[in-house]
Every structure is written in C-alpha cells, then in structure tokens.
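Novice: Quick one: the structure is below, and I'll ask about it shortly.
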Amino acid sequence: MELINRPRRLRTSPVLRKMVRETRIDRSSLVYPMFVTEGTNKTEEIASMPGQYRYSIDRMGEKLMQLTQAGVSSVMLFGIPEHKDETGSGAYASDGIVQRALQAAKKDFPKIYMITDLCMCEYTSHGHCGILCGQDVDNDRTLSYLAQIAVSQAQAGADMIAPSDMMDGRVAAIRRALDQNGFDEVPIMAYSAKYASSFYGPFRDAADSAPAFGDRRSYQMDYHNRREALKEVALDVEEGADIVMVKPAMAYADIIRQVRQLVHVPVAAYSVSGEYAMIKAASAAGWIQEEQVVAEAAVCAYRAGADIYISYYAQELAQYIKEGKLG
Ligand code: PBG
C-alpha cells in the first residue's frame, strides 16, 4: 500500500522512541511533601496513605537520607502541632513544630531545599485556614497572621514559602513582610489555583486538619471553573509570586495547561493525598501496576505544562529515573 505518512515509523525501536520523546522528567524538579509531628521516636503510618508517615523531629533524618540517596533534593514541610487554638498560634511560634523541624533539618541536611506550606488549618482549633469572624474566615484580618507565619518560617531557615490558604491579597502581604524583615531573597510559591477538592481527604487525616464545621468553599475554588483559575494566577503573579501552583494535579491537567500558557513563571503541580491513596489502594488490590501508573500520572502533569511536581511518590519517581525506567 502506498502510504507516505506512517507515524509508526518513529515507534519502531526503543532508542528511536526515546529520541523523539516530547516530555522528559528530571529528578531536580521533584518535591516531597513531609509531615512532622511533636514527640520523640515516632514514625506513625497514615492509615489512608500506606507508606507515608508522620515523623517526629528526631526520626525525620531517616526519610531525608532516603530522599537524598534517591536524588530528591526538595521537601515541602507540614507541621502537626500538639495544641491548637483559635488563632493558630503554633504556626508562628518561634519554637513551633515546623520552626524546630526546619532548624534540625538545616543543621543535619544543609543541602536539602526546604519549602514550608503556609496555612493555619493544621493549627486552628476550628480547622479553618484563617481567623474566624462568625462562621466564615475574615480575609483581611488573616493576612497579618499569614505574614507573621511567613517571617517566622523564614527566620527558622525556610528556603521558600508556599501559602496554601487562598486568602485574597496574601501573596502581596507575605512578600511585603518578608522584604521588611530582610528576606527579600526567599521566593514565594503560591498555591494559586487551589480547588476545594475531595482529593484532600487523606491529608486531613494525616494532618488532623478537617474543618470542625462547614467546608472550605468560601476560600478554595469551585472545581467547575477554569477562567477563575487564570484570574487567581494572574493576581498572584502581579502580587509577586515567583512560582504558581495548580492543585490537585490528576483531574486538573486542563488547568495546568492553561496556566502554563498564561504566565512566564514556573508552574508547579501538586499530586495530592487522594491521588496517592487511589493508586496505592488499587495497586494493593492487584488491579493496576503501581510503578507504571505513578509514572504515567507524573508524565501527564509535566506534559500538561508543569515544571515542578510535588508528590508523595517523589522518592519512587526519583528511583525510577535513576534506574532508567523513566525520564
Ligand atoms: C492546607 C493544605 C491542604 C493540602 C495542602 N495544604 C489541605 C486542605 O486545603 O484542606 C492538601 C494536600 C493533600 O491533599 O495532599 N490548607
């Protein structure tokens, strides 16, 4: 048969398939989200995230060592405090859980790049991401608290600050506070398009941060919306965000793509706890092949336009890349 165009020609050998590959992943763009908790000698497995743990500060080093060996050089820290109160004071205490974890990590693993999630929900008694006024979060009052948390994290050694609260104007407030305190070189990675998502379920078990009443829909985005994500991203860049994030990743590839086309800053995609839990559960049942599905989901985020991938599978992904199974 006379066929001039035969796309299959470029698929005839592994070498050729790899030569013409459009998406390549590098270990340096992986970020591992890590939970630190109070107490000593603790590695508590998270029930809905098998293989993921809450580490006490003295046990954190084991994981940081494994990550380093696999080639993951960035970590995003989440703190789980012992005490919670109305204003989430544990989030900005100089001896708060994240602040102490940062100091310890910086001392023992100075080369690991430490990003801090900046939010109040793990620290407030009501589980919302800001200061309450009645049943809702008071946006403008919350901003000064967020700024204070950012400064305290930077003082403890955070290399980058990642606000995940979704308050209006928070990037500008945080940038101003960091600059005024001599941290003008600490970048902000804004959770810009963060959707109110049921994919966060296992995280809320892990961090004990489910809201005591109501939900987060007055601050996180409605998942029916796409233009609104572009508005949020544009505002964050205007306010000084150095990197913008789309979250979750798996069901939001269209958003990652459009954000990539809109802005000229790096785009991060966060593959959240529910994505991890689904893959773990299905592979534990023998219904899917974990390694292949994890790789496929990661490549999808990069193919959609992500430059940075935040994933509970970061260590495994790095290992696959190291072994030449992915890249
Ligand atoms: C804090 C925060 C959440 C996640 C990251 N930062 C939870 C939430 O917004 O309810 C979710 C991460 C995940 O599910 O892996 N606001």
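Novice: Within the stretch 170-184, restricting attention to residues that are among the small types (Gly, Ala, Ser) and in contact with a helix residue (DSSP H, G or I) (Cβ under 8 Å, 6 or more places away or on another chain), which residue is nearest to Val237 (Cα to Cα)?
Specialist: The extreme case among them is Ala172.
Novice: For the stretch 45-60, give me each residue that is more than 18 Å from Ala158 (Cβ to Cβ) and buried (at least 16 other Cβ atoms within 10 Å of the Cβ). Steps first, please.
Specialist: Quick first cut of the stretch 45-60, residues more than 18 Å from Ala158 (Cβ to Cβ) only: 45-54, 56, 58-59.
Across the stretch 45-60, the qualifying residues are Ile46, Ser48, Met49, Gln52, Tyr53, Arg54, Ser56, Arg59.
Novice: Another question, if that's okay. Please go through the stretch 119-138 and give me each residue that is hydrophobic (A, V, I, L, M, F, W, C) and in a loop (DSSP other than H, G, I, E, B), ordered by number.
Specialist: Those that are hydrophobic (A, V, I, L, M, F, W, C) and in a loop (DSSP other than H, G, I, E, B): Cys119, Met120, Cys121, Cys129, Ile131.
Novice: Okay, moving on. Considering Gly96, Gly134, Gly51, which residue is under 22 Å from Arg204 (Cα atoms) and out of contact with any helix residue (DSSP H, G or I) (no Cβ under 6 Å at 6 or more places or on another chain)? Steps first, answer last, please.
Specialist: Details: Gly96 fails: out of contact with any helix residue (DSSP H, G or I) (no Cβ under 6 Å at 6 or more places or on another chain); Gly134 fails: under 22 Å from Arg204 (Cα atoms).
Exactly one residue qualifies, and that residue is Gly51.
Novice: Just to be sure before I move on: is Tyr55 within 26 Å of Ile279 (Cβ to Cβ), touching a strand residue (DSSP E or B) at 6+ places or on another chain (Cβ under 7 Å), free of Cβ contacts under 8 Å to residues at least 24 places away in the same chain and assigned to a strand (DSSP E or B) in the structure I sent?
Specialist: Spelling it out, Tyr55 is indeed within 26 Å of Ile279 (Cβ to Cβ), touching a strand residue (DSSP E or B) at 6+ places or on another chain (Cβ under 7 Å), free of Cβ contacts under 8 Å to residues at least 24 places away in the same chain and assigned to a strand (DSSP E or B).
Novice: List, please: which pairs have Cβ atoms under 8 Å, are six or more places apart or on different chains, and start with a residue in the stretch 210-229 that is farther than 13 Å from Val246 by Cα and end with one that is away from the ligand (no atom under 12 Å from the Cβ) and assigned to a loop (DSSP other than H, G, I, E, B)?
Specialist: Pro211/His126; Ala212/Ser125; Ala212/His126; Phe213/His126; Phe213/Gln135; Gly214/Gln135
Novice: Within the stretch 256-269, which residues are crowded, with 24+ Cβ neighbours inside 10 Å and within 22 Å of Gly169 (Cβ to Cβ)?
Specialist: Passing the criteria: Val259, Val267, Ala268.
Novice: Scan the stretch 25-37 residue by residue and report those that are in contact with a Lys or Arg (Cβ under 9 Å, 6 or more places away or on another chain) and either more than 27 Å from Arg100 (Cα to Cα) or more than 16 Å from the ligand (Cβ to nearest atom) (or both). Spell out how you get there, then give the answer.
Specialist: Let us first name the residues in the stretch 25-37 that are in contact with a Lys or Arg (Cβ under 9 Å, 6 or more places away or on another chain), namely 27, 32, 34-37.
The one that is in contact with a Lys or Arg (Cβ under 9 Å, 6 or more places away or on another chain) and either more than 27 Å from Arg100 (Cα to Cα) or more than 16 Å from the ligand (Cβ to nearest atom) (or both): Arg27.
Novice: Any residue in the stretch 177-188 that is touching a residue at least 12 places away in the same chain (Cβ under 8 Å), assigned to a loop (DSSP other than H, G, I, E, B), surrounded by fewer than 23 Cβ atoms within 10 Å (Cβ to Cβ) and acidic (Asp, Glu)?
Specialist: No - not one qualifying residue is present in the stretch 177-188.
Novice: Do we have Ser125 as out of contact with any His (no Cβ under 8 Å at 6 or more places or on another chain), more than 15 Å from the ligand (Cβ to nearest atom) and either closer than 20 Å to Ile310 by Cβ or hydroxyl-bearing (Ser, Thr, Tyr) (or both) here?
Specialist: Numbers: out of contact with any His (no Cβ under 8 Å at 6 or more places or on another chain): yes; more than 15 Å from the ligand (Cβ to nearest atom): yes; either closer than 20 Å to Ile310 by Cβ or hydroxyl-bearing (Ser, Thr, Tyr) (or both): yes.
It is true that Ser125 is out of contact with any His (no Cβ under 8 Å at 6 or more places or on another chain), more than 15 Å from the ligand (Cβ to nearest atom) and either closer than 20 Å to Ile310 by Cβ or hydroxyl-bearing (Ser, Thr, Tyr) (or both).
Novice: Within the stretch 132-150, work out how many residues are under 14 Å from Asp184 (Cα atoms) and touching a residue at least 40 places away in the same chain (Cβ under 8 Å). Before you say what the answer is, go through the steps one by one.
Specialist: Filtering the stretch 132-150 for residues under 14 Å from Asp184 (Cα atoms) gives 147, 150.
With the extra rule that they be touching a residue at least 40 places away in the same chain (Cβ under 8 Å), the set shrinks to none.
Number of matching residues: 0.
Novice: Could you say which residue among Val75, Val31, Val36 is at pLDDT 95 or above, in contact with a Gly (Cβ under 6 Å, 6 or more places away or on another chain) and of a type in the set (A, V, I, L, M)?
Specialist: Of the residues listed, the single one that is at pLDDT 95 or above, in contact with a Gly (Cβ under 6 Å, 6 or more places away or on another chain) and of a type in the set (A, V, I, L, M) is Val36.
Novice: Something else: Given the condition within 15 Å of the ligand (Cβ to nearest atom) and farther than 23 Å from Phe35 by Cα, answer yes or no: does some residue in the stretch 275-287 qualify?
Specialist: No - not one qualifying residue is present in the stretch 275-287.
Novice: Does the stretch 222-244 hold any residues that are at negative phi and touching a helix residue (DSSP H, G or I) at 6+ places or on another chain (Cβ under 6 Å), and which are they?
Specialist: Within the stretch 222-244, Ala229, Leu230, Val233, Asp236, Glu239, Ala241, Val244 meet the criteria.
The values are calculated or read from the model by the stated rules, or taken from the named source; none is laboratory data. Keep in mind it's a predicted model, so treat the numbers as computed, not measured. Here Cβ is always computed from backbone atoms with ideal geometry, including for glycine, and neighbour counts include all displayed protein chains.
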